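Okay, so here's the structure we're looking at.
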Amino acid sequence: MNFLAHIYLSFDNDEITIGNFIADSIRGNKFKHLPKNIQKGITLHRHIDTFTDAHKTVRKSTKKLHENYGHYSGVIVDIFYDHFLAKNWSKYSDTPLDIFVDNFYDLLEDNFPILPDNTKHMMPYMIADNWILSYASLAGISKVLDGMNRRTKNKSKMNFAIIDLKEHYDEFEKEFTSFFEELTTFAKQKYISLLEEA
């Protein structure tokens, strides 16, 4: 899953949210210096990714993209799914998306000293262009895909995936909706069991 899903699946726990967000920047077990609940957020992120990558519905989504985008298909589906989460946000949260996102940016700024260097580097761009809020629109997703393609030096051709999203929009949305219900249940159980650990 992409940024918004990981933040949402931290269940309004600030330290879990930080860990869940920075996890992709942490290699192996190089996080033992961080506060316990941030460590648990990193672990939760990894459980979410493992569950997602193995899920049959996610694989159904990636299969539609595999011919054109190969191993980038999973990354693209993560972005598509964040679009559907943002677009349908009111079904999942009572807090309006713009307020939820602003609160998250405030949380990042409050915890800036402990963030990994590449997160610190990315943060100003993320906030200035309001990446997460932009997921709700197709124009925003198109911009995100363009940026991802540039980062792969145009090898991924991910900028063209907006065409695939529009072509199979209803299918992708149904797949997201059914998968995300299962993922939320799974993540909540993992979250509770992690918090119960010493």
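Take Glu167 and decide whether it is within 22 Å of Tyr72 (Cβ to Cβ), free of Cβ contacts under 8 Å to residues at least 12 places away in the same chain and not basic (Lys, Arg).
Values: within 22 Å of Tyr72 (Cβ to Cβ): yes; free of Cβ contacts under 8 Å to residues at least 12 places away in the same chain: yes; not basic (Lys, Arg): yes.
Yes; evaluated as a whole, the condition is true for this residue.
Given (1) in contact with a helix residue (DSSP H, G or I) (Cβ under 9 Å, 6 or more places away or on another chain); (2) open to solvent by 40 Å² or more (accessible area, probe 1.4 Å); (3) not charged (D, E, K, R), where does Asn154 come up short, assuming only one miss?
Looking at each condition in turn, Asn154 falls short on (1).
Rundown of residues vs (1) open to solvent by 20 Å² or more (accessible area, probe 1.4 Å); (2) at pLDDT 95 or above; (3) outside any helix (DSSP H, G or I), yes/no style:
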site: Leu4; (1), (2), (3): no, yes, no
site: Asp12; (1), (2), (3): yes, yes, yes
site: Thr17; (1), (2), (3): no, yes, no
site: Phe31; (1), (2), (3): no, no, yes
site: Thr50; (1), (2), (3): yes, yes, no
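Could you tell me which of the residues Phe104, Phe112 is open to solvent by 40 Å² or more (accessible area, probe 1.4 Å) and either farther than 27 Å from Glu181 by Cα or touching a helix residue (DSSP H, G or I) at 6+ places or on another chain (Cβ under 7 Å) (or both)? First the steps, then the outcome.
On the way: Phe104 fails: open to solvent by 40 Å² or more (accessible area, probe 1.4 Å).
Just one listed residue meets the conditions, Phe112.
Would you check which residues across the range 52-76 are surrounded by 15 or more Cβ atoms within 10 Å (Cβ to Cβ) and either at positive phi or not in a helix (DSSP H, G or I) (or both) and list them?
His55
Any residue in the range 125-136 that is acidic (Asp, Glu), on the phi < 0 side of the Ramachandran plot and at pLDDT below 95?
Quick first cut of the range 125-136, residues acidic (Asp, Glu) only: 129.
Narrowing the set further to residues that are on the phi < 0 side of the Ramachandran plot leaves 129.
From what is left, the residues that are at pLDDT below 95 are 129.
Within the range 125-136 (the criterion being acidic (Asp, Glu), on the phi < 0 side of the Ramachandran plot and at pLDDT below 95), the answer is yes, since at least one residue qualifies.
The values are calculated or read from the model by the stated rules, or taken from the named source; none is laboratory data. Computed from a prediction, not measured in an experiment: that's the story for all the values here. Neighbour counts run over all protein chains shown; Cβ positions are idealised from the backbone, glycine included. These area figures cover heavy atoms from the full protein model, side chains too; ligands, DNA and RNA do not enter into them. Shrake-Rupley method; radii C 1.70, N 1.55, O 1.52, S 1.80 Å.
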